[in-house]
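Presented below is the structure to which this report refers.
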Amino acid sequence: MAIIGTIRKNGWILIVMMALALGGFILMDVVSNSQRYSAADLNTLGKVNGEQVKRDEFDTYEKLVYSNTKSNPYQIRTQVWNYFVEKALVSQEAEELGLGVGLDELKDLQFGNNLSPIMAERFKDQAGQVNRAQLASIKAAIEGGQFTDPTNRAYWAVQEKEVIKKRIEDKLMSLVTKGLYTPKWEAEMAFRDNNYRLDAAYVRIPFDKVPDSEVKLTDADYTAFLKNHPGMYDQTEETRVIDYVAIDVVPTQGDTSECREMVAKLMDGLRNAENDSIYAVSNNGVYDGSYKAKDALPPSMADDLLSLPLNTVVGPTLTNGVWVVAKIEGRMVVPDSVRARHILIQGANQASENRIDSLMGLLKSGAYRFDSLAVQNSQDGGSAQKGGDLGWFAAGMMVPEFNNVCFYQSEIGKYYKVATQFGWHLIEVTNKKFMTNSTGVKAAYLSQRVEPSANTQSIAKEKAEQIAQHAKTIDDLRKMASEQNLAVETSQPLKANDFSVGQLGAEETSRQIVRWVFDEKTNEGDVSKEVFTYRDAAGGYFDARYIVAVVKAVAPKGAATIATLKANPKADSEVKNAKKAEIIIGKLQNPNDFPALAEKYQVNVDTARGLSMLQTFLQNGGSEPIVIGTLFGMAKDQVTKPIAGTSGVYVAKAITEQSKPGLPADLTLFRKQVTSSASTGIRMGLLTSMKKAAEVDDNRSRFF
């Protein structure tokens, strides 16, 4: 009480104490953040040999180059990251070697006769050819000071850097590949690898002949595998493996009935609609005006659609989890293919339509030929020079509006116009083929997918939450999953920037799981207290799956260890197979007796003919380079020792003498073969090798 009284008399003491406490809290937070981000500031995604990859530059590049791309955002960011890493490595190497791209060279790469592959890919016309007119227009705008739009200027600046990177990259590749030389001995070896042949007999005892229950792995087995496979599973960064349980949200019978009622309520409206297409589209239905053959109709109502009177409403019927209602609008015998020609005026606007009308008038007057007008006016570069001829094509090969005119609304020799995404078309169908004479049905469709109700979702989520709340260890999770007949799945080794988890796919929720796995507070054996929710992959507005995960294993960065192998399902399986190979080999009493061996293990004695050193594949075995390499070191009829291959234990022998044709006098062909193979390997692997040799700090997981 005395202390409280003193504080009341001296209020300033309380103020000072509160200020000190608040200051201490702020200081603690500052210290914590400084420790966490000591390697990178808030605008640094990473470093490449000390060169920073800035977040703002990264975001600008992604926005400008990938703004119209519908790929997974995490996949896009991976591509952007790889671009910046490669750009840094290429520019660093170029600076040391004195390589660069001059102004005239850059102009040639952007507008000249030696276009960069980047320019050739991005500036194409509808025929897939380089759009020289567009490039010329951009060049004129730049030189005339009219290229002023900020977004276009920013895009062009980024693209110039891409072009320069690609050009310097090509120069680096050329420097390395031009230095390749194939000595005589290597050309002779290439000849032997190509031309020495033998036939072999072998018995393969698959690893699955030994049940998993018989295999008891010890640390000694993992140590032996590491010794026999040095470097195979070394890691450039830490990986983690999770086990997870998935609770799928499955619609109940009640949900199915409710969805049927929803679409059934719309049947009278469709039956009495003045405009079927508008009614169907307005009620989330489908109408494309095409005539579909029986195999393209909903199977549950195909016979009715082909036989019932026009304007009949059919359904609801259940097809692949969707309730469908259809109104029959028409039937006709559909051609199997048509031949047509067209004139395209780009732009679906009034000016383009007016021009098409003028051209149609000229054709109907009889004063002009279609092919001449197409050559002079069509903006479809692929067909214009052929008089507009598109050749023969089947239904569905053209965009719907164009397709419907050619197959369902046209007569041979008459002219039609239609607007598509490419502009206005003037069309003449010149021929039709009727081979199957199949009847097509035009219909308006309403549909309602069977979806789980909110209550069904809630029940499934509650089940997942119960597991998350009560499972404290990986054994708890497995036990609860077993009690509920739920499968426990294992992910691939995950890295901090991964966005795909096992069979769960690549999406935001998968990325959330990876973030949790690599959170500094998450340790091996931890069970997620959060239930991870996957929405319907087909775009429905409901939860489709709930996930509870546990960190099964952590494998550190660096040289592979026993923990690394145990954390990697693939590596763990290989260690198990190596143990199975020991067991099989230990039980082989007379491996030279192929028929007895085959009978004992209920396998075949197989024969491989014409084997070469370049061949790695064995029938009924798969890729087995060790087996084939061993055979080429054996004499005829000499039996190999049991060999642990990739898919089983092999015993083999050459049943013919090796065919060894003499060396040709001219080894030019084989020199070229070796050089070409090495050159291809360099072009595919040089940048990868540079990345491995570089010091790369990747901090993306802190941002995304």
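Across segment 455-486, what is the total count of residues that are without any contact (Cβ under 8 Å) to a residue 24 or more places away in the chain and over 15 Å from residue 550 (Cα atoms)?
Number of matching residues: 8.
Could you tell me whether residue 492 is touching a strand residue (DSSP E or B) at 6+ places or on another chain (Cβ under 8 Å) and assigned to a loop (DSSP other than H, G, I, E, B)?
Criteria met by residue 492.
Could you identify the single residue in 251, 230 that is over 30 Å from residue 580 (Cβ atoms), modelled with pLDDT of 90 or more, within 37 Å of the chain's Cα centre (by Cα) and not in a strand (DSSP E or B)?
251
Conditions (1) crowded, with 21+ Cβ neighbours inside 10 Å; (2) more than 19 Å from residue 383 (Cβ to Cβ), marked per residue:
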position: 399; (1), (2): no, no
position: 406; (1), (2): yes, no
position: 417; (1), (2): no, no
position: 421; (1), (2): no, no
position: 436; (1), (2): no, yes
position: 441; (1), (2): yes, yes
position: 463; (1), (2): no, yes
position: 469; (1), (2): no, yes
position: 483; (1), (2): no, yes
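Consider segment 212-252. How many of its residues are in contact (Cβ under 8 Å) with a residue 60 or more places away in the chain, among the hydroxyl-bearing types (Ser, Thr, Tyr) and within 28 Å of residue 517 (Cα to Cα)?
Number satisfying all stated conditions: 6.
Within segment 307-347, which residues are surrounded by 14 or more Cβ atoms within 10 Å (Cβ to Cβ), farther than 30 Å from residue 434 by Cβ and among the small types (Gly, Ala, Ser)?
315, 347, listed by residue number.
From (1) farther than 18 Å from residue 502 by Cβ; (2) touching a residue at least 60 places away in the same chain (Cβ under 8 Å), pick out the condition that doesn't hold for residue 563.
Every condition holds for residue 563 apart from (2).
Of all residues being assigned to a loop (DSSP other than H, G, I, E, B) and not aromatic (Phe, Trp, Tyr) in segment 190-227, which is surrounded by the most Cβ atoms within 10 Å (Cβ to Cβ)? Just the residue, please.
Checking each candidate, the answer is 210.
Which residues, counting only those in segment 594-612, are exposed (fewer than 13 other Cβ atoms within 10 Å of the Cβ), in contact with a strand residue (DSSP E or B) (Cβ under 9 Å, 6 or more places away or on another chain) and under 15 Å from residue 584 (Cα atoms)?
The answer is none; no residue qualifies.
Tell me yes or no: at least one residue of segment 269-281 is among the charged types (D, E, K, R) and either part of a strand (DSSP E or B) or surrounded by fewer than 14 Cβ atoms within 10 Å (Cβ to Cβ) (or both).
Yes.
Within segment 607-616, which residues are out of contact with any helix residue (DSSP H, G or I) (no Cβ under 9 Å at 6 or more places or on another chain) and either part of a loop (DSSP other than H, G, I, E, B) or more than 13 Å from residue 650 (Cα to Cα) (or both)?
609, 610
Quick check on my filter: what residues within segment 537-586 are of a type in the set (Gly, Ala, Ser), within 30 Å of residue 249 (Cβ to Cβ) and not in a loop (DSSP other than H, G, I, E, B)?
Residues satisfying the conditions are 544, 549, 553.
The values are calculated or read from the model by the stated rules, or taken from the named source; none is laboratory data. Owing to the predicted nature of the structure, the values given are computational and were not obtained by experimental measurement. Ideal geometry is used to build each Cβ from the backbone, glycine not excepted, and the neighbour counts take in all protein chains shown.
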